[in-house]
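Q: Got a structure for you, written out below as C-alpha cells; questions coming shortly.
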Amino acid sequence: MMPKLASYNGKVDLIENIKVSPMSRAFLFSDSVYEVISFYKNEFIDFETHLDRLNHSLNETKISCLIEDCRAEIEELLNESKSEDGYIYYQVSRGVDSIRSHFFEESDCERFGFIEEFSFFNQSPLRVMLADDIRWQRCDIKSTSLLGNVLQMNDAKRNGCNEILMHKNCELTEGGASNIFFVKNKTIFTPELSSKILPGITRHQVIKIIKDKKLDFEEGSYGIDDLKEASSIWFTSTTKGIVGVEEIINLETKINPECELLEICKDAFVKKYFS
Ligand code: PLP
C-alpha cells in the first residue's frame with residue numbers, strides 16, 4: 001500500500017509522523033469541522049463549493065481560520081500526492097487548549113488533512129435500515145461530532161446494512177453519510193435544505209442534472225409514508241456518487257431496482273464529473 005500523505009498545520013508529512021496533542025479540542029470535544037473533497041485525474045471536483053461549505057461550517061461554529069490557508073493546504077496535499085483518483089479529508093479544530101474546559105481560549109486553529117486513493121465506480125446497491133435521527137439540531141454544519149450517525153450506522157451494520165435512512169418524528173432527513181432522493185409517480189423528491197440536513201455537494205450536483213434534463217422534481221418535507229410508495233430510493237455523497245437502494249430492512253416498500261430516472265441521472269453524473 002502507498003504510504004498515506006497528510007498535512008498538519010501546513011506541514012506535509014507521512015501520516016504516521018504526525019503528532020497531535022491530547023489537549024486538542026478536536027480530541028476532547030469534537031470541536032472541529034471538516035470536508036471530504038474528491039479528485040479525479042488529479043483535478044478537484046467542485047472545489048470552490050466545498051470551500052464555501054467549509055467556510056459556512058467555520059463561521060457557524062466561530063472557529064477562526066482563513067479559508068485561503070485551507071485552500072493552499074488542500075491543494076498542496078494533492079500536488080504532493082501520486083494518486084490520480086481519490087479524496088482529501090480535511091478538518092479544522094478550534095485549537096489546542098492548556099486546560100480542558102468547555103469555555104475556549106483564544107488559540108490558533110488546528111488543521112489536519114490526509115489524502116486517500118479511491119476508485120469511484122462499481123458501487124453496489126445499498127441495504128438500508130430506517131433509523132431515528134438522534135443528532136443535534138445543526139446538521140447543516142459539517143461537524144466532526146458524528147456520534148448520532150456513528151451509533152445508528154453501527155446498529156444498522158449489525159443488521160447487515162451499509163447505510164441508514166434517518167427520520168425525525170417520521171419526517172425524512174438524510175442518510176448517515178449521504179443525502180436521499182426518492183421517486184414516486186415518475187417525480188423525483190428530496191428533503192429541502194434546512195438545519196436538519198447537510199447541504200450535500202453531490203445533492204446539489206444531482207439537482208443540477210435533474211433540472212438540466214427537465215425531469216419532474218420537488219424539494220419539500222416528506223415522511224415515511226412517502227417511502228412506502230416510492231419506486232426507487234437513491235443516496236448521494238462525494239464518495240458514493242449516486243447509488244440506488246435495494247432494500248430497507250425494516251420497511252415494506254415497492255422499490256424496483258430498474259429505475260430509468262436513476263440511470264439517466266447516474267449516466268449524466270459520470271459524464272459530467274468522471275470522464
Ligand atoms: N449527509 C451527511 C450526514 C453526510 O455525512 C454526507 C457526506 O459525508 C452527506 C450528506 C453528503 O454530502 P456530500 O455530497 O457533500 O459528500
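The values are calculated or read from the model by the stated rules, or taken from the named source; none is laboratory data. What you see is a predicted model, and the numbers here were worked out from it, not measured in a lab. Cβ coordinates were reconstructed from backbone atoms using ideal geometry, including for glycine residues, and neighbour counts include every protein chain displayed. Calculation scope for accessible area: heavy atoms of the full protein, side chains included, ligands and nucleic acids excluded. Shrake-Rupley method; radii C 1.70, N 1.55, O 1.52, S 1.80 Å.
Q: Under 7 Å between Cβ atoms, at least 6 apart or on separate chains: pull out the pairs that start in region 136-159 with a residue that is in contact (Cβ under 8 Å) with a residue 40 or more places away in the chain and more than 22 Å from Leu51 (Cα to Cα) and end on any residue that is more than 10 Å from the ligand (Cβ to nearest atom) and open to solvent by 30 Å² or more (accessible area, probe 1.4 Å).
A: Gln137/Ser195; Asn159/Ile249
Q: Further, regarding this structure: Which of the residues spanning region 45-72 are more than 12 Å from the ligand (Cβ to nearest atom), of a type in the set (Asp, Glu) and free of Cβ contacts under 8 Å to residues at least 24 places away in the same chain?
A: Glu48, Glu68, listed by residue number.
Q: If you don't mind, another one. For Phe112, all conditions in the list (1) crowded, with 20+ Cβ neighbours inside 10 Å; (2) under 18 Å from Gln91 (Cβ atoms); (3) in contact with a helix residue (DSSP H, G or I) (Cβ under 7 Å, 6 or more places away or on another chain) hold save one; what is the number of the exception?
A: Tallying (1) crowded, with 20+ Cβ neighbours inside 10 Å; (2) under 18 Å from Gln91 (Cβ atoms); (3) in contact with a helix residue (DSSP H, G or I) (Cβ under 7 Å, 6 or more places away or on another chain), Phe112 fails exactly one: (3).
Q: Also: Looking at Arg71 and the list (1) of a type outside the set (Val, Ile, Thr); (2) surrounded by fewer than 18 Cβ atoms within 10 Å (Cβ to Cβ); (3) touching a Leu at 6+ places or on another chain (Cβ under 9 Å); (4) over 28 Å from Ser195 (Cβ atoms), which single condition is not satisfied?
A: The single condition Arg71 does not satisfy is (4).
Q: Among the numbered conditions (1) open to solvent by less than 50 Å² (accessible area, probe 1.4 Å); (2) within 16 Å of the ligand (Cβ to nearest atom), tell me where Ser81 comes up short.
A: Of (1) open to solvent by less than 50 Å² (accessible area, probe 1.4 Å); (2) within 16 Å of the ligand (Cβ to nearest atom), only one is false for Ser81: (2).
Q: Does region 188-243 hold any residues that are of a type in the set (Ser, Thr, Tyr) and farther than 13 Å from Leu172 by Cβ, and which are they?
A: Initially, region 188-243 is screened for residues of a type in the set (Ser, Thr, Tyr), giving 190, 194-195, 202, 221-222, 231-232, 236-239.
Of everything in region 188-243, those that are of a type in the set (Ser, Thr, Tyr) and farther than 13 Å from Leu172 by Cβ turn out to be Ser195, Thr202, Ser231, Ser232, Thr236, Ser237, Thr238, Thr239.
This table checks each residue for (1) hydroxyl-bearing (Ser, Thr, Tyr); (2) within 11 Å of the ligand (Cβ to nearest atom); (3) touching a Leu at 6+ places or on another chain (Cβ under 9 Å).
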{"residue": "Ala177", "(1), (2), (3)": "no, yes, yes"}
{"residue": "Lys196", "(1), (2), (3)": "no, yes, no"}
{"residue": "Thr202", "(1), (2), (3)": "yes, yes, no"}
{"residue": "Gln205", "(1), (2), (3)": "no, yes, no"}
{"residue": "Phe217", "(1), (2), (3)": "no, no, no"}
{"residue": "Ile224", "(1), (2), (3)": "no, no, yes"}
{"residue": "Ala230", "(1), (2), (3)": "no, no, no"}
{"residue": "Ile242", "(1), (2), (3)": "no, yes, yes"}
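Q: May I pose another question? Determine whether Cys139 is within 13 Å of the ligand (Cβ to nearest atom), in a loop (DSSP other than H, G, I, E, B) and surrounded by 21 or more Cβ atoms within 10 Å (Cβ to Cβ). Let's see the steps before the verdict.
A: Details: within 13 Å of the ligand (Cβ to nearest atom): yes; in a loop (DSSP other than H, G, I, E, B): yes; surrounded by 21 or more Cβ atoms within 10 Å (Cβ to Cβ): yes.
Taking the combined requirement at face value, the residue satisfies it.
Q: Hey, another quick one. Being surrounded by fewer than 18 Cβ atoms within 10 Å (Cβ to Cβ) and farther than 19 Å from Gly223 by Cα is the filter here; which residues of region 247-262 pass it?
A: Residues satisfying the conditions are Asn256, Pro257, Glu258, Glu260.
Q: Further, regarding this structure: Whether any residue in region 186-193 is part of a loop (DSSP other than H, G, I, E, B) and within 13 Å of the ligand (Cβ to nearest atom) is what I want to check. Give the derivation first.
A: Going through region 186-193, the residues part of a loop (DSSP other than H, G, I, E, B) turn out to be 186, 192-193.
Remaining after also requiring within 13 Å of the ligand (Cβ to nearest atom): 193.
Checked against the condition, which is being part of a loop (DSSP other than H, G, I, E, B) and within 13 Å of the ligand (Cβ to nearest atom), region 186-193 yields at least one hit.
Q: In this structure, does Ile88 turn out to be assigned to a strand (DSSP E or B) and either crowded, with 21+ Cβ neighbours inside 10 Å or among the basic types (Lys, Arg) (or both)? It would help to see each step written out before you state the result.
A: Numbers: assigned to a strand (DSSP E or B): yes; either crowded, with 21+ Cβ neighbours inside 10 Å or among the basic types (Lys, Arg) (or both): yes.
Yes; evaluated as a whole, the condition is true for this residue.
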